[in-house]
Each structure stands twice: as structure tokens, then as C-alpha cells.
């Protein structure tokens, strides 16, 4: 069953890691390295975050790492980065472990990453901090996003700026102007990305409506921005120009899509559509402009991926600025397609196909790379 699933999704390599000393259980998945920059070891680099969490079972963990690594292929391709797509997950035994990572665990994972000789480059994702990255960097050079041993730091400011650029792209397409002054923006979630988005758009004149499960964080952001707070259960149905989900995924689903009262959906979170193909098409039918999340929130991967492959600060910033015109181009392309999600995928796949035609191909590249159909989910760093 594992080989069937891996073959169907087009993965090049899946590694199951067990460290006897620490008890570490992890899975590393390299989806496609076609676009990856060639490392000194001769392999092509594929980037993706490390996610640490309690999974319902091993099958759920495998599904997660396969889905997210596939997504990283298209996220990096759409961002025009010379990187393939990969991901790793660490299977934890308790919720307490999620918030209390250990150096021993990080070092054990770092050793497993080092053995791949650069095929997989790790970065932050769920329950992984700059400190965790620096711990991994004690034993491997194939990590990015640390503070002391590994360069890069926290990518969330760059993710947030990219989301704002995406919002402006959606507004420019829908209204003919990207000016935020007087635009109403509803932001779900005030985590590392959502809070920064709220402060940026408020400073540029937007009227913001915010929510979070943490009342103290809501009060803090309201005091700083003058925004209006609403109950977390009400945010998706708020009447606004732009809805910006920055919390968990799958929030736009069969139960919530009918209640949306926004003209544009521009996510900061990953996988906000529960059924991407179906729900993106439904949003188009309803006249809602959906800015695909893997285009909209690519600022973080542009930052860390760009640093890893040797881009300058100016080149990275220019590429994050390009999120706005790229999104406008994709939204225009989508006018003749089933949805903006399909258009975004086609935009990324075209770059992969072009690399194959040039003879720049990773091990799995034969014609169209990876899955033969549009991926169901794309997200993560």
C-alpha cells in the first residue's frame, strides 16, 4: 500500500527514521527535485519544513508528509525558486512533547537529514523553532531558519509581507487598484503571521476585523491597530472586502462556504479550502476571488529557500514583491479555467515541464512530473 501511494503521487524517495537511543520516529519525503539546485554532493536540493505533532496513527503521518512534500514542489515552482519539494514529520507520543522539543531529538533528526547528502533541506514548520533548527545544525548543514548555527531566522515577517502583497494583487484584479485605504479586511488568527498582517494593513489604512482564541492577544492588537474584534465563530461570515484566514486549514468547507460574505479570500494559512478543487470552483461560481494559498503565502519559503540557494537580500525582497503581479497573472489565467486553484497549479507545472524539456530533470521526471492530476492540497513551508 505504501509503494502504491508513493508511486501514485510521484515521490522520488521516502525515508522512515527510527533512532533507538532517543526513540525518534520520523518520515522524510522527497517529492520531486527537478528544479532543485545541484548540491556539491551531486544531488538536487528539495526544501520543506519539519512538522512535529501527535498523529492519530502512522498512516495519518505518512499521508501528511506525502501531501505536504508534494505541495512544496508546486509552492517552490510557482515562486520560481531553484528548489524541489520535500517535507519531514516527527511522530510524537503526547501533546506535551509538541511544545517541549529536546536537543537530543533534534540532533537525531539532523543526523538522518545529513545522511541524505542534501537531497532534503529542512526548515521550520509546526512546533519547530529557530532553536530546534540550530540544534539540527549541530550535525547537518542541510537546514535553514536558525538563529545562531543556521542562518535565516524566523520567516514569518516575510510570509506576512507576501500575504499583504497577495491581498493587494487580489484587490488590483477585482477593483483595479491595490490601495488598502478604506478596505475592510477580516483576519482569522493572530499567530506569528496573522498578527503581522494585521499591523501592516492597518498601517496602510485598511479597516481590520480580527479574531483569535486568545483574548489577551486580540485586546493587544485592537489597542495597537484600532481594529474591531469578533467572536472566532463569526469571523468567516463577516461582511468584508477581504477574508484572510491565518489560523488552521480546512476552514472553508461544505459547512462554511455558503456563509462567506467577502469579495476576496486571500489566505495566510495553508490548505484553507477543505476540498481545494471543488471549493475553489464553487468560489468562482459565487463571484468570490480566491487567491490560492500556495501563491499568497510563499514569502517564507522565498526567504529561507532564497538564502539557502545563495540569493541576495535584494533578490529575495524582489521575489516577494513579485507575489502581487504573479497573482494577478494567475487570476487572469483562471478566467478561462475551472478555478484559480487550477490556474495556480498550471502556472507551477509549466515551469517544471520546461525544466524537463531542457533536460534538467530529477530522478522522477518523465514528461509531466509527479501526480497526473492537480494536487488536492498544497501548503506548508
Contour minus end-to-end for residue 181 and residue 286, with contour as 0.36 nm per residue of separation and end-to-end as the Cα-Cα distance?
35.3 nm
Over the chain, calculate the relative contact order: mean separation of alpha carbon pairs under 8 Å at least 6 apart, over the residue count, as a percent.
19 percent
For residue 224 and residue 148 in one chain, what is 0.36 nm times their gap in residues minus the Cα-Cα distance, to one decimal in nm?
24.2 nm
Placing each pseudo-label 7 Å from Cα in the direction of the beta carbon, residue 141 and residue 96 end up separated by a distance in nanometres of 4.0 nm
For segment 187-284: relative contact order, % (alpha-carbon pairs under 8 angstrom, 6 or more apart):
26 percent
Hey, how many Å between the Cα centroid of segment 9-39 and the Cα centroid of segment 262-282?
29 Å
Of 193, 133, 218, which has the largest mean-square fluctuation in a 10 Å C-alpha GNM of the chain?
218
Out of 134, 219, 318, any idea which swings most in a Gaussian network model of the chain, alpha carbons joined below 10 Å?
318
Looking only at the chain, where both bridge partners belong to it, what percent of the DSSP beta bridges are antiparallel (to the nearest 5)?
30 percent
Within 10 Å of each residue's Cβ, count the other Cβ atoms and sort 3, 16, 294 from fewest upward.
3, 16, 294
In whole Å, largest first, what are the principal axis extents of the Cα atoms in segment 242-332?
45, 27, 20
Once you have the Cα-Cα distance between residue 275 and residue 321, take 0.36 nm times their residue separation minus that, and quote the gain in nm to one decimal.
13.7 nm
Please determine, in degrees from 0 to 90 and to the nearest 10, the orientation of helix 276-285 with respect to the longest principal axis defined by the Cα atoms of the chain, where the helix direction is its Cα long axis.
20 degrees
Which whole-angstrom value gives the distance between the alpha carbon centres of segment 182-241 and segment 102-175?
26 Å
Residue 346 versus residue 54: modelled label distance in nm, points set 7 Å from Cα along the beta carbon direction:
4.4 nm
Percent of all Cα-Cα pairs per 5 Å bin for segment 156-296, counting from 0 up to the last occupied bin, reads 2, 11, 23, 26, 21, 12, 4, 1
Label model pair residue 104, residue 203: point-to-point distance (7 angstrom along the Cα→beta-carbon line) in nm is 4.4 nm
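A short reminder: the numbers here are calculations on the coordinates, not readings from a lab. Note that the coordinates shown come from a computational prediction; the quantities given were computed from them, not determined experimentally. Quick reminder, even Gly has a Cβ in these numbers, built from the backbone with ideal geometry, and neighbours come from all protein chains shown.
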